[in-house]
1. For volume of the Cα convex hull per residue in Å³, pick the label among (i) 150; (ii) 115; (iii) 127 that corresponds to the value derived from the coordinates.
2. For the pair Ser30 and Ile73, what calculated FRET efficiency results from E = 1/(1 + (r/R0)^6), where r is the Cβ-Cβ distance and R0 = 25 Å, to the nearest 0.05?
3. On a 0 to 90° scale, report how tilted helix 26-61 is relative to the longest principal axis of the chain, with both axes built from alpha carbons and the result rounded to the nearest 10.
4. Fewest first, what order do Thr86, Thr78 take by the number of other Cβ atoms within 10 Å?
5. Placing +1 at every Lys and Arg Cβ and -1 at every Asp and Glu Cβ, with all other atoms neutral, what dipole size does the range 1-80 have around its Cα centre, in debye to the nearest 20?
6. What full-extension length gain, to one decimal in nm, is calculated for Phe80 and Val47 as 0.36 nm per residue of separation minus the Cα-Cα distance?
7. At a 10 Å Cβ-Cβ cut-off, how would you order Val96, Val31, fewest neighbours first?
8. Can you compute the modelled spin-label distance between Lys6 and Val55, with each label point 7 Å from Cα toward Cβ, in nm?
Amino acid sequence: MKVNLKAALLSAFVLPGLGQLYKGNRLKGSVLLILANIFLLLALFLVLRGIGPIVSAAMLSGADDPYWIADQIQQLRTPFVKWLLTIFSAIWLYAVIDAAIGKGKARADN
């Protein structure tokens, strides 16, 4: 079993799916890139949508107490975001493991 360290590092630290693209698996790499971005951006959008009213209420009332804002943010209940981030984490983990030990197409390194 050959471990492809460069491909694993690309998937782990840059974007899930880049390791597969590096190894020549275009379809798998593209799908992983798209799925990872969809789940991560959707979670980010939902978090920002929940934080928006809190920040705007603080700005309108003139209350610029960061502790109040942080307390309001902690009281947000966003279970859907947790599921999205869990799915993203699973995709990320799969991409790293697959890039490290999965089979790739033959590459001619120059």
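Read-outs: derived from the displayed coordinates by stated rules, not from any lab. Everything numeric in this text was worked out from a predicted model, so none of it was measured. Cβ: placed from backbone, ideal geometry, glycine included. Neighbour counts: every protein chain shown.
1. (iii)
2. Computed FRET efficiency for Ile73 and Ser30: 0.10.
3. Taking the Cα atoms of the chain, the angle to 26-61 is about 10 degrees.
4. So the ranking, lowest neighbour count to highest, is Thr86, Thr78.
5. 820 debye
6. Full-extension gain reported as 10.9 nm.
7. Ranked by crowding around the Cβ, least crowded first: Val31, Val96.
8. Reported label-point gap for Lys6 and Val55 is 4.0 nm.
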